[in-house]
1. Please quote Rg/Rh for the chain to two decimal places, taking the Kirkwood radius as Rh and restricting both calculations to Cα atoms.
2. Count the DSSP beta bridges whose two residues both fall in segment 114-357, then state the antiparallel fraction as a percent rounded to the nearest 5.
3. Given a 1.4 angstrom probe, what's the average accessible area per residue across the chain, in square angstrom?
4. Can you compute the FRET efficiency between Leu145 and Ala338 using 1/(1 + (r/R0)^6), with r the Cβ-Cβ distance and R0 = 25 Å? Round to the nearest 0.05.
5. Below 13 angstrom from the Cβ of Val294, what's the summed charge of the other residues (Lys, Arg +1; Asp, Glu -1)?
6. Whole angstrom only: what separates the Cα centroid of segment 401-472 from the Cα centroid of segment 229-295?
7. Estimate the FRET efficiency between Asp325 and Phe437 by the formula 1/(1 + (r/R0)^6), using the beta-carbon distance for r and 45 Å for R0, to the nearest 0.05.
8. Along the charge dipole of segment 92-230, which of Gly197, Val129, Leu110 sits closest to the positive end, that is, farthest toward it, with unit charges on the beta carbon of Lys, Arg, Asp and Glu (+1, +1, -1, -1)?
Amino acid sequence: MASGQQWVLVEMVQAFYEAPAYHLILEGILILWIIRLLFSKTYKLHETYKLTEKEKEDLIEEWQPEPLVPPISKDHPSLNYDVVTGPPSHKIIINGKECVNFASFNFLGLLHNERVKQKALASLKKYGVGTCGPRGFYGTFDVHLELESRLANFMKTEEAIIYSYGFATIASAIPAYSKRGDIIFVDEAACFSIQKGLQASRSFIKYFKHNDMEDLERLLKEQELEDQKNPRKARVTRKFIVAEGLYINTADICPLPELVKLKYKYKVRIFLEESMSFGVLGEHGRGVTEHFGVNIDDIDLISANMENAVASIGGFCCGRSFVIDHQRLSGQGYCFSASLPPMLAAAAIEALNIMEEDPDIFSVLREKCKRVYKALQGTPGLKIAGVPLAPALHLQLERSSGSRDSDMQLLRSIVDYCLERHVAVTLARYLEKEERFLPPPSIRVVVTVEHTEDNIQKAVSCIREAASLLIK
């Protein structure tokens with residue numbers, strides 16, 4: 001054993017003598033560098049300089065903290081409210097002045113409906129004002145379960161889930177399914193609640209031009225080629241198309257039949273946001289699927305709020321049971337927000353009763369939408385954005401001044417002119433610094449079933465008169 005160790009030592013010494021000089025020098029430098037690192041300090045002490053009391057006071061005097069928010073003018077529209085007193089039905093009292101209401105999204109006129117109010121009042125007396133708890137913590141009332149069942153039956157789907165806040169519905173639904181690494185194809189005109197859902201999902205987002213199916217297919221083909229290069233990754237990557245049935249920012253309808261074809265061709269899922277089309281489009285008000293005659297089972301998830309046609313609060317998602325049940329564990333707005341007040345759920349149920357009993361209400365609304373659309377054609381200096389069936393149209397300037405602020409001020413002067421003459425319309429408002437694709441400034445004109453021919457004539461005449469006088 002000892003002779004073996006001696007032989008190894010002899011070999012090491014012999015290798016040391018036979019090694020080239022540069023090799024020995026390099027090893028020696030490395031050994032010295034390691035020894036230096038081991039015994040040297042990892043930091044250096046700098047000389048400290050003590051400030052005098054006067055210097056400290058001068059520095060404190062000069063320091064200016066950065067503002068928490070950017071400075072905002074006191075004239076900013078968000079700081080100057082038009083105050084409403086009384087119910088915003090087809091007549092509305094704004095700043096003490098009664099006006100014809102072409103501003104509120106009360107499409108079916110159910111907000112001030114006596115039957116709806118009586119049901120809400122009876123529920124208020126039975127359950128109280130709120131719930132004080134999320135659905136999983138004693139916040140599930142029998143009226144919630146009844147509303148979910150009624151919505152599923154109305155939409156002809158297996159199951160529905162309700163949220164207590166309309167904005168949070170699609171913003172919670174998207175990240176419940178799409179996660180980091182997944183891919184979402186989204187229309188550029190998607191509303192702000194969809195944008196927040198995309199942001200929360202942390203997925204890879206690909207935007208296609210508004211309602212441009214060729215551009216969408218181009219993106220899908222590109223992704224298909226990427227998937228072929230890495231099939232292993234493609235197998236675990238989920239892909240979604242997110243669109244609105246009736247776009248709130250543009251007032252036009254998505255080409256749903258083409259979307260469904262692309263869904264099956266490229267094996268993606270479709271999420272459809274129908275807040276503006278639910279209770280508006282289709283023979284029975286079931287939205288864009290009924291409008292186009294598309295099988296609702298072809299859509300993976302439908303969401304809508306209950307704050308427009310139903311004239312309540314909150315929102316819902318509907319679809320297959322296994323899809324909807326997933327949100328009961330993963331939908332942030334469902335799991336962590338207090339549930340919908342029972343009186344509002346009862347009001348929504350009664351609104352659904354009226355919609356089912358009187359399906360003619362939807363054709364009446366569509367005819368009035370067409371009437372307003374036609375009447376506003378040719379308004380001096382303004383153009384209509386949207387389709388004749390849209391209950392919330394946009395009036396945009398034909399020629400922009402080049403300054404968004406100037407365009408907004410001009411449109412605001414038209415709104416104020418109409419308000420002085422007892423016609424309430426409104427500017428479309430956006431969070432300008434946060435919108436992914438900021439829509440152009442516009443006046444929004446909202447049509448409801450309650451508007452009479454005289455109301456329509458008065459509003460159209462007032463808008464035309466204001467445009468003629470104020471747009472140079």
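The values are calculated or read from the model by the stated rules, or taken from the named source; none is laboratory data. Predicted model only: the values in this text are computed from it and were never measured. Methodologically, a virtual Cβ is constructed for each residue, glycine included, from the backbone with ideal geometry; neighbour enumeration extends over all protein chains shown. Ligands, DNA and RNA are stripped out before the accessible areas are found, and what is left, the full protein with its side chains, is counted by its heavy atoms. Shrake-Rupley method; radii C 1.70, N 1.55, O 1.52, S 1.80 Å.
1. Across the chain, the Cα-based Rg/Rh ratio is 1.20.
2. On the way: 10 of 27 bridges.
Bridges in segment 114-357 are about 35 percent antiparallel.
3. Working: 26030 Å² over 472 residues.
Roughly 55 Å² per residue, with all protein chains present.
4. Values: r = 17 Å, r/R0 = 0.66.
It comes to 0.90.
5. Working: positive: Lys156, Lys261, Lys263, Arg286; negative: Glu258, Glu274, Glu290, Asp297, Asp298, Asp300.
Neighbour charge sum, excluding Val294 itself: -2.
6. Here the answer is 30 Å between Cα centres.
7. Values: r = 34 Å, r/R0 = 0.75.
After rounding to 0.05, the efficiency reads 0.85.
8. It is Val129.
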